[in-house]
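Contents: one structure, followed by commentary.
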């Protein structure tokens, strides 16, 4: 069972590339972030046509997450973590969606970026991570086979970035961000990519600016965290790097884990 995460950076703009990836790699579950569309604009019919059923949590122009399953309907469990955005009266942003697929709890997230740092957006990021930890602890206590995956907007360690100096002041690499991520692992969750690539050097994101892709100036911010029930079933994990180099690609690339059935 292959479960993947992909920050698509605008589902309408990337739809040909997204469908191409789905048909070429055929993950059982594909979690998308930054779909950047209202609920009524989500192209569900396009996925139905290639055998995928979907649920989604959209927002106009920003954010948005979706879960696609091959040949079956994801059963929604929860949307949102109950935390309002950084602006007064903004309400909750579309950043979290949880569903059951084939006996596995899929928790798809688009964690706040947190820039500029310091400031209210960074505080929102940390508050969001604390809410996420609380949700993950509940899943742990209930012994639910779960994968928490998506764009975490956290570079966990220095080995996960092409240049520590270049990113030193970014919210993605601040000690508070890293500590919050480390706390999730300390609670007993397994970082699939890091476990199988302990030396690092695996990137999931390359900026559109300054020739980052061409020079391989990337970093790892898209993660898959496995509960103990799933960590024992892990066969492989990887990054579909080539898709970042295709025409009109997202600035992220798909990341996946393979589990025994």
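Read-outs: derived from the displayed coordinates by stated rules, not from any lab. Remember, predicted model here, so these are calculated numbers, not experimental data. Every residue, glycine as well, gets a Cβ built from its backbone with ideal geometry; the counts of neighbours run over all protein chains shown.
Some points to look at:
- A straight chain from residue 48 to residue 130 at 0.36 nm per residue would run longer than the Cα-Cα distance by 26.0 nm.
- Cα centroid of segment 106-132 to Cα centroid of segment 165-191, whole Å: 11
- Each of 62, 122 was scored by other Cβ atoms within 10 Å of its Cβ. Listed from fewest to most, they are 62, 122.
- Relative to one another, the C-alpha centroids of segment 215-261 and segment 1-39 are positioned 12 Å apart.
- 222 nm mean residue ellipticity, helices alone, for the chain (DSSP H n ≥ 4; -39,500 (n - 2.57); rounded to 500): -7500 deg cm²/dmol
- For segment 237-261, the residues whose backbone nitrogen is under 16 Å from a point 7 Å from the Cα of residue 23, taken along Cα to Cβ, are 247.
- Ranking of 31, 107 by count of other Cβ atoms within 10 Å, fewest first: 107, 31
- Segment 63-169: relative contact order in percent, alpha carbon pairs under 8 Å with at least 6 residues between: 24
- Antiparallel bridge percentage (DSSP; both residues within the chain; nearest 5): 80
- Relative contact order %, segment 1-132, counting alpha carbon pairs below 8 Å whose residues are six or more apart: 18
- The fewest-to-most ranking of 26, 220, 199 by surrounding Cβ atoms within 10 Å reads 199, 26, 220.
- For the chain: relative contact order, % (alpha-carbon pairs under 8 angstrom, 6 or more apart): 19
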